[in-house]
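The structure appears right after this line, and notes come after that.
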Amino acid sequence: MQYGVGANTAGAAARTGTITISFSTGQTATLTVNEDALSSSPPTLALLNPPPNGVYPSSTQQTFTFQASSPNGLAYINRMELEINNSLYAGGDDCRATYYPSAGILYLTAYDGFAYGYTLGSSGTASNDHCIISLSSSTATATDTSATVTLVVTLQPSAVGTQNVYISSTDNSGAQSASYGISFGTWLAYHELTTSPPTVSMVSPVTTATSQVLYFKLSDSNGFRYIDGNQVVMLAYDAVPNNAPCHLTIDLSPQYWGFVYQIMNGGWNFLGSGSIGSGGVVGAGGPCALDFTNSKIHVNPNPALPDPDPNASLVTDIYLDLSVIVASTTPPVNIYATLIDRAGRGSSTPVLVTQWQ
């Protein structure tokens, strides 16, 4: 025979109740249940093996042991998260591992934005394009009020530059530990190959046609993954790019790879959005339209071939083929772009790339 008692809600006072059981013999038994008030205090998170002076050794592998605690008990700890990246959620290409104590499952977010589940202590590894976690060497333990996780992490070669280590916990109410967004230390396993900023260029000249594919190449000598997540392309009829009749924000982060937000003119009138390669045209009949069907984003110079593995060899370029229609090329259309890397180098303000006339 089993009975369950629901948890107190946050802020509710302690309470006492009884459960009375009647037996077929005519006898009864009464159980008294005392339940503490549910605390509104957020969970706490401690890194049990912090690096000396906040700097991890330069080896490619590190071990992280962190502990989450809740005054409401272990069952109230929803998840614990380790994130390793140049900056918090920079570009989405990161080592993001999330452990759920109630399920005993570790999820690692892959480059496609999906999180895949693994069991700590099992054979094999969990990996994405940024890191590899040894499952057999990693562990999780628990007490009545806390969970402790140890993860053995190896950075992939595409994890270029200084990485920050973020660790946090979240409870069932959604409250986060005070450690959220705070770096516990820096880790440099793969040095930058260059301090030069990323560049944007045209693969082929722009013709005079009002409907054509603009072939951009975005390059970073530290690898294309080092290019920051959101980039902008603007088409303007004058020297004021913010007055552009065609303003495209292109997402290069893994989970939103090739997603485009389109905004029209200096009034920032929203036209629509969509993924490069999907169907449809946004802005048809206006001063500027984007044809998603005939646009492409690819890493291999030949879009018909699979993209290469950035951890097998250094891949520096992203090719962006935008199928654009403009109402007129008189006066000439100035094509601007912004491009920055994860270290903040490059241009965050529009730079003239070429003219369409």
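Normalising the Debye intensity of segment 67-226 to I(0), with uniform scatterers on Cα atoms only, and taking log10 at q = 0.13, 0.18 Å⁻¹ returns -0.69, -1.09. Summing Cβ point charges (Lys, Arg +1; Asp, Glu -1) relative to the Cα centre of the chain gives a dipole of roughly 180 debye. Each Cα pair under 8 Å and six or more residues apart adds its separation to the average, and for the chain the resulting relative contact order is 14 percent. From the P(r) of the chain, could you give the percentage of C-alpha pairs in the tail past 31 Å? So the portion of pairs separated by more than 31 Å is 49 percent.
Pull out the extension gain between Asn53 and Ala312, defined as 0.36 nm times the separation in residues minus the alpha carbon to alpha carbon distance; nm, one decimal. Could the numbers behind the result be given before it?
Details: separation 259, 0.36 × 259 = 93.24 nm, distance 3.30 nm.
Here the segment from Asn53 to Ala312 would lengthen by 89.9 nm.
Under Stokes-Einstein, with the Kirkwood radius over Cα pairs standing in for Rh, what whole-number D in µm²/s applies to segment 181-287 at 4 °C and 1.567 mPa s? Stokes-Einstein gives a translational diffusion coefficient of 79 µm²/s.
Dividing the convex hull volume of the alpha carbon atoms of segment 128-195 by its residue count, what do you get in Å³ per residue? Intermediate results must be reported in sequence, preceding the final value.
Values: hull volume 8.6 nm³, N = 68.
In segment 128-195, the Cα hull volume divided by residue count equals 127 Å³.
Phi angles across segment 204-212 convert, under the Karplus curve 6.51 cos²θ - 1.76 cosθ + 1.60 with θ = phi - 60°, into 3J(HN,Hα) values of 9, x, 7, 8, 8, 5, 6, 10, 6 Hz, Gly and Pro given as x. Coupling constants for segment 341-357 follow from the phi torsions by the Karplus curve (6.51 cos²θ - 1.76 cosθ + 1.60, θ = phi - 60°), and in residue order they are 9, 6, 8, x, 7, x, 10, 8, 10, x, 10, 5, 9, 6, 10, 10, 8 Hz; glycine and proline get x. Express the relative contact order of segment 44-187 as a whole percentage, based on alpha carbon pairs under 8 Å and six or more residues apart in sequence. Across segment 44-187, relative contact order equals 30 percent.
Annotation note: chymotrypsin sites (Phe, Trp or Tyr not before Pro) in segment 112-148 located in DSSP loop regions with a Cβ neighbour count of at most 12 within 10 Å are Phe114.
Ordered from longest to shortest, the equivalent ellipsoid semi-axes for segment 241-357 are 26, 18, 14 Å, each the square root of 5 times a Cα gyration tensor eigenvalue. For the Cα trace of segment 306-357, dividing Rg by the Kirkwood Rh returns an Rg/Rh value of 1.10.
Every number here is computed from the coordinates shown, using simple stated rules; none is lab data. Quick caveat, the model's predicted, so the values are computed rather than measured. A quick note on method: Cβ atoms are made from the backbone with ideal geometry, for glycine too, and the neighbour counts reach across all protein chains shown.
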